[in-house]
Amino acid sequence: MNDKFKILNEYIGDGDPKGRYWFIGVEEATPFYNMEPKAFDAEVNKRKDRKYRPVLEGEIQNDKAKHRSKGEHYTQIYDIMSKFIVGTEGDKWEEYQNKHLLQKGSKEFHMNLFPVGRKSKKLRRSELERFERFLNKLGFNDSSEYERYVRTERFPLMRKFRNLYNPEIIICFGMDNKEDFNAILQLESSYLTPTNSWYYCYPDKRVFITPFFGWGHMSDTKIKMLREKLKKS
């Protein structure tokens, strides 16, 4: 593995790890393999020589505006995180996102299972080929080798980091990666929600596993339902 990947792999996440809420996603939403080399180097340098980094005030909004000005899709995970914290009504969640979300002294921390950004686990053939070529440059033969390496080398770092800070509530988003979340968080108890429920709950670990944070998967109605559950945790 090359030095750039080592930096990405050992960087844990964004926000304030002392916060009450931790969010664990699957991977970076930004497709690194579509970036110009200088832009990718900037992403690596943001993570160099540190385990985590608080987001700056207005950083998410500025990044969102930059992508939208180019007609590009921007991740919805920060919108959904903000609604989990302050509610779905009105625009208070937008103000919270701009002035507090994942910033120093905030209530939240966010980390991803896999450190290399891509749009989705299910890529079109041409995009999958670009992703694989990008992994080759980082020192992997293919995506299978990359994922095995991350599970072996990164997951224990994430587990150790979680045990160090022991957050009150952890929300994992991405049901297809339930076993990966289990491996990191050592979820041994049975979930107590009904078998036809849309999320898993591990009350003794204060962990929830939900659908992916996108509006096609996580509606305001579901956010409200889970917020009520969180109040009782």
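Points to keep in mind about this one:
- Just one residue in the set Glu127, Glu179, Glu153 is modelled with pLDDT of 95 or more and part of a helix (DSSP H, G or I); that residue is Glu153.
- Meets criteria (more than 21 Å from His217 (Cβ to Cβ), touching a Leu at 6+ places or on another chain (Cβ under 7 Å), touching a residue at least 40 places away in the same chain (Cβ under 8 Å) and surrounded by 12 or more Cβ atoms within 10 Å (Cβ to Cβ)) for Phe140: no
- Any hit, the range 205-222, residues being closer than 20 Å to Val26 by Cβ and in a helix (DSSP H, G or I): yes
The values are calculated or read from the model by the stated rules, or taken from the named source; none is laboratory data. These numbers come from a predicted model, not from an experiment. Neighbour counts are summed over all protein chains in view; Cβ atoms, including those assigned to glycine, are modelled from backbone coordinates with ideal geometry.
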